[in-house]
1. Which value in deg cm²/dmol, rounded to the nearest 500, describes the helix-derived mean residue ellipticity at 222 nm for the chain, given -39,500 (n - 2.57) per DSSP H run of n ≥ 4 and division by the residue count?
2. Can you pull the percent of the stretch 1-149's accessible area that's carbon plus sulfur, 1.4 Å probe, other chains left in place?
3. Could you state the accessible area per residue of the chain in Å², with a 1.4 Å probe and every protein chain left in place?
4. Listed highest first by mean packing, meaning other Cβ atoms within 10 Å per residue, what order do 166-176, 140-150, 55-65 come in?
5. Would you mind pulling out the separation of the Cα centroids of the stretch 110-159 and the stretch 1-60, in Å?
6. Enumerate the amide H contacts of Phe105 below 5 Å, restricted to partners 5 or more residues apart or on another chain; note that Pro and chain-start residues carry no placed amide H.
7. Kindly state, as a whole number, the per residue volume in cubic angstrom of the convex hull around the alpha carbon atoms of the chain.
8. Rounded to the nearest 20 Debye, what is the dipole magnitude of the stretch 37-126 about its Cα centre when Lys and Arg each give +1 and Asp and Glu each give -1 at the C-beta?
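The values are calculated or read from the model by the stated rules, or taken from the named source; none is laboratory data. It should be emphasised that the depicted structure is a prediction, and the values quoted were computed from it without experimental measurement. Cβ sites come from the backbone with ideal geometry, for glycine too, and all protein chains shown count toward neighbours. Areas reflect the complete protein model, heavy atoms only, side chains present, ligands, DNA and RNA absent. Shrake-Rupley method; radii C 1.70, N 1.55, O 1.52, S 1.80 Å.
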Amino acid sequence: RMAKETLEIYAPFAHRFGLAKIKWELEDLAFKYLNPIAYEDIAHKLKARRKERESYIKKFIEPVEKQLRAEEMKFEIEGRPKHLYSIYNKMVNRNKPFDEVYDLFAVRIVLDTDIMNDCFTVYGILSSVYKPIPERFKDYISLPKKNGYQSIHGTVIGPDGKMVEVQIRTRAMHEIAEQGVAA
């Protein structure tokens, strides 16, 4: 009962207030109790492929990093974990097994700048390195979410033809995304 209440009430509240970390944690914890078999199955599969995922993300990041440094951008770039409940939702909504959910790779680029347009510049650089998927581009900078969230989301075809989700935002946007408007 508490897990269902958490998933239906508290996680959406956290999302509404822009508390992304708390939302993901609440969703994953509720998922663990509401569907323990699916939770353990996804957790096990992710753990088994962790080294492969980390190696792939490193391979993906290297040419992007090189280009951003050439443009003298100040940034932080890292792979970001996909949350178990998020993966589960993709499997259910797309009616696909784990092995057919291809966008398990995600990267976040946080820019040390106050100039929002630098995010679009970085997306252009990213698109020159990897082929973008236009229908998977979302501009939450020009049109922020109701909770104040701002970022560019895009999906590109990385090495070996794998899809990689990329988020691009400034440091201030990142703090609001992670800690909510109270940040």
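1. Details: 8 runs with 92 residues, N = 183.
When only DSSP H runs of four or more count, the value is -15500 deg cm²/dmol.
2. Working: 5120 of 9580 Å².
Carbon and sulfur: 53 percent of the exposed surface of the stretch 1-149.
3. Details: 10780 Å² over 183 residues.
Accessible area per residue: 59 Å².
4. On the way: 166-176: 20.7, 140-150: 14.4, 55-65: 16.3.
The densest-packed peptide leads the list: 166-176, 55-65, 140-150.
5. When both Cα centres are located, 24 Å separates them.
6. For Phe105, the qualifying residues are Glu165.
7. Hull volume normalised by residue count: 117 Å³.
8. Values: 17 positive and 16 negative charges, 101 e Å.
That gives the stretch 37-126 a dipole magnitude of about 480 debye.
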